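Asker: I have a structure here, written as structure tokens, and I will follow up with some questions on it.
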Amino acid sequence: MKKIILIALTLNTFSSPLFAEDLNLNPTVVVGSRQKQRLSDVMTSVSVITRQDIERLQPQDVGSILQGQPGIEIVRAGGLGMQTSIFMRGANSSQVLVLVDGMKVTDEFSNATPLQNIPISQVDHIEILRGNASALYGPRAMGGVIQIFTKSGGNTSGPYGSVSYDSRNTKNITGGYSQKFNDTLFNISLNHQETGGFATKNSAQNDGSVLNGFSVANPTKNAYNSNSVSMNLSKVIIPGQEIGIKILGSKFDIFSDAGFDYGNGVNGMNKLRSNNISSQLFMKNQINDFWNSTMTYGVSNMSNRNDYNFNQSNIRIGSYQTSQKDFSWLNDFVINKNQTLLLGLQSNQIKTKDEDTFFGIAKFEGSRVINSLLAGYTGKFDAIGLQLNIRHDNTNKGEDATTGLSGLSYDINPQWKWAGNISNAFSAPTSAQLNNIGSGGNPNLKPEKSNSMETSLQYMDSKKTLRVVLFDRETTNLIEATGPVINIFNTRRLENTAKSANNGVEISGQAILDSFIFKVSATFQDPINKATNSQLQRRAENFGSFEIGYAFDKYKIGSQAFFSSSTPDLPIGDACPNPTSTPLCRTNAGYAIANLYGSYTYDKNWSASLNIENLFDKTYQKNFGFNTPGLGAFLNVQYSPTIK
């Protein structure tokens with residue numbers, strides 16, 4: 001409670017807006033109810049990362065800009081492009097739904113969320129919904145939803161671009177063109193990013209010993225190279241009738257440390273090649289004064305190829321592919337100025353095709369179809385707000401679920417608001433988890449299930465915001481590899497055996513004082529594996545971030561700091577319930593790091609920025625055995641003819 005009061009008092013010392021172009025305190029969002037709302041009216045826990053945030057902080061990937069958000073922990077297995085895990089309110093990465101312009105980002109084979117496949121250069125803004133959201137978005141949305149919106153144009157006119165270089169031999173080049181022609185809006189953006197990187201694996205923790213699983217670090221730096229393009233085209237045919245298309249494509253190569261000798265006396269390096277493409281057609285129709293319809297159809301394909309022991313003889317190949325077709329039809333009905341109704345249907349078809357000659361995974365093909373009906377209601381009755389959502393999802397694998405969300409809010413006065421909600425959610429096993437027996441598949445798996453409740457107190461005026469959220473969630477039927485060993489690689493059969501629980505408090509605030517901006521986030525939680533009564537792996541009990549920025553004349557400077565308490569990690573062996581009793585248990589120590597940023601605006605079109613990452617060159621870990629970036633400096637020059 002003392003921490004909450006201190007943050008509240010700190011925010012109340014800020015009182016005059018001058019940095020407002022970088023800090024929109026009350027934007028319009030859609031992720032909280034799938035209908036447009038002001039952030040101050042949302043009854044769920046929602047936050048926004050704006051385009052101004054991205055340009056100010058200059059993150060190298062999507063995971064970096066998400067780090068520091070309330071309730072979110074990002075864990076990356078090495079440098080850029082490596083597998084990136086998202087833990088939201090303690091939920092597994094596979095229980096967080098990531099959408100790009102409404103399309104799911106998922107790997108049907110591994111059930112991972114390949115956040116690293118999304119190029120930050122093509123992102124306009126991000127909306128984040130914490131807590132169970134299956135009643136809105138269906139399976140997988142147990143920990144929350146991250147909705148990423150690509151650049152659509154409208155903020156710039158004509159060509160734009162940027163060039164950056166950093167101390168890790170990183171080059172980042174972006175070029176594009178945006179224009180509005182009468183009722184037509186067009187934007188195209190291209191990006192090339194490459195880096196020499198750093199050695200992925202920690203040599204002290206990959207020394208070839210039995211305690212470290214015989215893993216041996218390769219000192220070779222893990223290089224990364226990517227190219228991406230996004231295109232958005234939309235046209236208003238007549239007022240209230242709009243059609244458009246969105247395309248996002250990316251291709252990248254990553255060299256990664258295999259961690260062992262392939263048998264030829266060389267510590268192996270693998271090369272991962274990934275190709276990703278998604279496209280979407282949409283149509284928005286105002287049927288009449290009270291009925292608005294949005295219809296979308298999208299397709300996507302993710303293809304990954306892993307060349308094991310690259311540049312050596314007898315290269316073995318791993319090939320993994322996930323493709324999707326998605327159709328949705330959402331209908332907003334305005335009952336009156338204070339009440340709206342949402343009705344919709346969605347159909348998602350997802351396929352996977354996989355084969356891995358190194359790990360002995362025979363060719364596997366699987367698919368599933370999820371058909372869904374959803375309904376929602378939002379209303380405001382004087383000081384009382386109400387939100388109700390229900391959704392039914394049916395799959396061709398016989399996994400049906402009905403989920404709901406009930407939210408209530410009360411405006412204490414024009415600045416203070418109380419809100420609360422209860423919800424349930426589920427995550428269905430993928431076709432590979434059900435049917436790929438050689439990789440641990442189990443046809444008897446059941447969907448994971450979660451129940452959640454939260455209550456919040458919010459303060460908002462034109463200059464500052466403060467939100468305190470108490471949450472409690474419990475998950476059952478967790479799918480984990482706890483069954484018998486099925487092959488020489490110690491692959492275990494997947495089972496519904498685990499349970500987890502988490503409760504805690506999230507504190508977040510933003511403020512403007514003349515030439516200053518101030519942002520703070522802190523999460524205090526108790527993520528527990530109920531089967532072993534131990535802390536969930538790679539989940540911290542306390543973590544957060546702090547940012548302060550200052551603007552003067554044509555300059556902006558600032559600092560961002562992150563902190564985290566220690567986290568348990570994967571053990572060598574089957575279980576590690578008590579890290580103090582066995583040397584096989586791994587722990588990532590707590591840490592605190594700081595970044596700096598500064599920019600100079602030459603005129604309304606030209607600017608330059610310098611960002612320093614890990615200012616004090618702090619050695620820290622989020623993933624045992626893997627290194628994290630040390631001190632780095634990034635210089636960026638940008639041309640952006642902004643429409644005023």
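The values are calculated or read from the model by the stated rules, or taken from the named source; none is laboratory data. Note that the structure is predicted; figures quoted are calculated from it, not measured. Neighbour counts run over all protein chains shown; Cβ positions are idealised from the backbone, glycine included. For the accessible areas, the whole protein counts, side chains as well, though only heavy atoms, and no ligand, DNA or RNA atoms are used. Shrake-Rupley method; radii C 1.70, N 1.55, O 1.52, S 1.80 Å.
Asker: So how strong a dipole does the chain carry about its Cα centre when Lys and Arg Cβ are +1 and Asp and Glu Cβ are -1, to the nearest 20 debye? Intermediate results must be reported in sequence, preceding the final value.
Answerer: Details: 56 positive and 51 negative charges, 59 e Å.
Value, rounded to 20: 280 debye.
Asker: Might you tell me the accessible area per residue for segment 70-159, computed with a 1.4 Å probe and given in Å²?
Answerer: 17 Å²
Asker: List the extent of the Cα atoms of segment 293-411 along each of their three principal axes, largest first, rounded to whole Å.
Answerer: For segment 293-411, the Cα spread along each principal axis is 73, 30, 24 Å.
Asker: Evaluate the relative contact order of segment 389-540 (contact order divided by residue number), counting alpha-carbon pairs under 8 angstrom at least 6 apart; express in whole percent.
Answerer: 15 percent
Asker: Counting helices only, and only those DSSP H runs with n ≥ 4, report the 222 nm mean residue ellipticity of the chain as the sum of -39,500 (n - 2.57) divided by its residues, in deg cm²/dmol to the nearest 500.
Answerer: Values: 5 runs with 31 residues, N = 644.
It lands at -1000 deg cm²/dmol.
Asker: Which of the lysines could a cross-linker span from K337 if the Cα-Cα distance has to be under 25 Å and same-chain partners fewer than 8 positions apart are dropped?
Answerer: Within the straight-line cut-off, K337 pairs with K36, K284, K380, K417.
Asker: Which aspartates and glutamates have a Cα less than 12 Å from the Cα of K499, not counting those fewer than 8 places away in the same chain?
Answerer: Reachable aspartates and glutamates: E448, E474, E480.
Asker: If R₀ is 30 angstrom, what is the calculated FRET efficiency for the pair K446 and F333, using the beta carbon separation as r and rounding to 0.05?
Answerer: 0.25
Asker: I want to make sure I understand the PRE zone here: with the label point 7 angstrom from the Cα of S319 toward its beta carbon, which residues in segment 361-379 have backbone N atoms less than 14 Å away?
Answerer: So the set is 361-365.
Asker: If the chain between K363 and L631 were fully stretched, how many nm would it gain, using 0.36 nm times the residue separation less the Cα-Cα distance?
Answerer: 92.1 nm
Asker: In nm², what is the average projected area of the convex hull enclosing the Cα atoms of segment 411-465?
Answerer: Values: hull surface 25.0 nm².
So the Cα hull casts an average projection of 6.3 nm².
Asker: With contacts defined as alpha carbon pairs under 8 Å and 6 or more residues apart, what's the relative contact order of segment 432-475 in percent?
Answerer: Computed value for segment 432-475: 31 percent relative contact order.
Asker: Looking at the square roots a ≥ b ≥ c of the eigenvalues of the Cα gyration tensor of the chain, which shape do they give, rounded for a/c under 1.5, prolate if a/b is larger than b/c, or oblate?
Answerer: Rounded shape, in that the Cα axes give a/c under 1.5.
Asker: Sequence-distant or interchain residues sharing an amide H contact under 5 Å with T200, placed H: which?
Answerer: So T200 has HN proximity to N222, D257.
Asker: Calculate what fraction, in whole %, of the accessible area of the chain sits on carbon and sulfur atoms when a 1.4 Å probe is rolled over the protein chains.
Answerer: 57 percent
Asker: Enter the accessible area per residue of segment 256-412 (Å², integer; probe 1.4 Å; all protein chains in place).
Answerer: Numbers: 7760 Å² over 157 residues.
Dividing the accessible area of segment 256-412 by its residue count gives 49 Å².
Asker: OK, next. Filter the cross-link list K251/K397; K104/K353; K530/K622; K351/K449 down to pairs whose alpha-carbon distance in this structure exceeds 28 Å. Spell out each step's value before the answer.
Answerer: Working: K251/K397 32 Å; K104/K353 18 Å; K530/K622 22 Å; K351/K449 23 Å.
Beyond 28 Å between Cα atoms: K251/K397.
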